[in-house]
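These notes are about the structure you will find just below.
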Amino acid sequence: QDLAKKNTANKAVVDARRRMLQEWLAWRESMRQMLEEEGAEIELNAGRVKQDTDDEVEEVE
Amino acid sequence: MRPILLSGHERALTQVKYNPDGDIIFSVSKDHVVCAWFSHNGERLGTYHGHQGALWTVDVDPTSSLLATGGADNTMRLWEVKTGKLLKTWEFATSIKRVEFSSDGKLLLGVTEKRSGHLSTIVVYEINPDPAAEQTDEQALRIVCDESKATVAGFSYLSHYIISGHEDGSVSQWDAKTGELLFSTQVHEDDMQITDLQWAPDRTYFITASKDKTAKLVAADSLDVLKSYPTDTPLNSAAITPVKDYVILGGGQAAMDVTTTSARQGKFEARFYHKIFMEEIGRVRGHFGPLNYVAVHPQGLGYCSGGEDGYVRVHHFDKPYFDFMYEVEREQAQAQANL
């Protein structure tokens, strides 16, 4: 751990980071696909509900 | 990164929350009052009065129209954000320690405190998003936590699960429709309380903070611990930043728990860790007491912390924050750009 904190990261540290990053990105991609299969619109929109203005449209009608 | 100080509360902050647009911050405190603030300049835009005791928790729905609160007066309340009007009061036998809306805002959960004769529970109500509508008294679900009391809880992606964190350091996964316990695992050290649970934007994973001085990143479906962030102080809160892959941890030894008290010894700093590499990358000082809660701007533009000292400190991230990249991240970004 002390080693990892040094700015002079040696090759082993960089390799470990590279592996961690690839593993993370692969896991995130698997989660994204799972959400897509489940049709999780809000989740795929980073948790944001697309504000529908249906109510106002209905009032106009 | 000059912080804005929100002074208006008279006692310790217990939770702070951004609305989905990130332009408003809601804060609750032991002083019984809910405050709403503009996040860009710290101007107070309103207060919500009615609670008769310390407030423990607040959440805002995805359309920023409804606000939920809970506290030591054994009530969970629903408010209209815009007008400050109290829409609904649900009464319980004990305090409400945590409230949280589902990602679509159609469900609201509350975590009730354990007290002699009363086990801790997680209650769920269906919410009508229309502020003019009558809200139900009927509980859609009631989960009794007879193993270890729940301290925090929330809804996973698609409200498939309710995930709860417990006094004994364990995390449980419940079927959010039936209330059935699906899985439980010891994420933190035995009998080290989980003090916070916050979601990633897509709610497929979350971060827990604990008195065992660590924060953990956990997958919602497997409850696998993905990452671990060790610190040197008991943690009260942990948040995941969007845009950049960081987590922000807050805590500190309470004054009564340390023999000599100083801001330095108390370690009243917000700590930034790299989410993936689990390395500490920076600290932000300022509070004169433990950080009770940290919340991140939903678009990742800043964060705010609520302290035992009675202040909310709002930070807007500056350019170096966004520019900072590990070499391997730079490689990845470059590879992505070349595709």
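The values are calculated or read from the model by the stated rules, or taken from the named source; none is laboratory data. Just so it is clear, the structure is predicted and the values come from calculations on it, not from any experiment. Glycine also receives a Cβ, built like all others from the backbone with ideal geometry; neighbour counts cover every protein chain displayed.
Structure notes:
- Subset of segment B:53-65 (residues that are closer than 18 Å to B:Val123 by Cα and out of contact with any Gly (no Cβ under 6 Å at 6 or more places or on another chain)): B:Val58, B:Asp59, B:Val60
- Members of segment A:33-55 that are at the interface with chain B (Cβ under 8 Å from one of its Cβ atoms) and on the phi > 0 side of the Ramachandran plot: A:Ala46, A:Gly47
- Candidates B:Gly53, B:Gly22 - the one that is surrounded by fewer than 18 Cβ atoms within 10 Å (Cβ to Cβ) and in contact with an Asp or Glu (Cβ under 7 Å, 6 or more places away or on another chain): B:Gly53
- Verdict on B:Asp191 being more than 25 Å from B:Thr112 (Cβ to Cβ) and either within 14 Å of chain A (Cβ to nearest Cβ) or not hydrophobic (A, V, I, L, M, F, W, C) (or both): no
- Verdict on B:Tyr303 being outside any loop (DSSP other than H, G, I, E, B), within 13 Å of chain A (Cβ to nearest Cβ) and modelled with pLDDT of 95 or more: no
- For segment B:309-328, the set of residues classified as in contact (Cβ under 8 Å) with a residue 40 or more places away in the chain and assigned to a helix (DSSP H, G or I) consists of B:Tyr321, B:Phe322, listed by residue number.
- Exactly one residue among B:Ser148, B:Ser156 is out of contact with any Leu (no Cβ under 7 Å at 6 or more places or on another chain) and touching a residue at least 60 places away in the same chain (Cβ under 8 Å), and that residue is B:Ser156.
- Filter result (aromatic (Phe, Trp, Tyr) and closer than 19 Å to B:Glu280 by Cβ) within segment B:307-331: B:Phe317, B:Tyr321, B:Phe322, B:Phe324, B:Tyr326
- Residues of segment B:230-254 that turn out to be in contact (Cβ under 8 Å) with a residue 40 or more places away in the chain, surrounded by fewer than 23 Cβ atoms within 10 Å (Cβ to Cβ) and not in a loop (DSSP other than H, G, I, E, B), as a count: 1
- Subset of segment B:30-52 [β-branched (Val, Ile, Thr) and in contact with a Leu (Cβ under 7 Å, 6 or more places away or on another chain)]: B:Val34
- Residues in segment A:8-32 that are modelled with pLDDT of 95 or more and more than 11 Å from every other protein chain (Cβ to nearest Cβ): A:Ala26, A:Glu29.
- Number of positions in segment B:118-143 that are assigned to a loop (DSSP other than H, G, I, E, B), surrounded by 20 or more Cβ atoms within 10 Å (Cβ to Cβ) and among the small types (Gly, Ala, Ser): 0
- Subset of segment B:281-294 that is away from every other protein chain (no Cβ under 14 Å) and outside any loop (DSSP other than H, G, I, E, B) - its residue that is nearest to A:Asn45 (Cα to Cα): B:Val294
- Flag if B:Asp196 is out of contact with any Cys (no Cβ under 7 Å at 6 or more places or on another chain) and buried (at least 21 other Cβ atoms within 10 Å of the Cβ): yes
- Taken over segment B:199-224, the criterion of being away from chain A (no Cβ under 13 Å) and of a type in the set (A, V, I, L, M) is satisfied by B:Ile207, B:Ala209, B:Ala215, B:Leu223.
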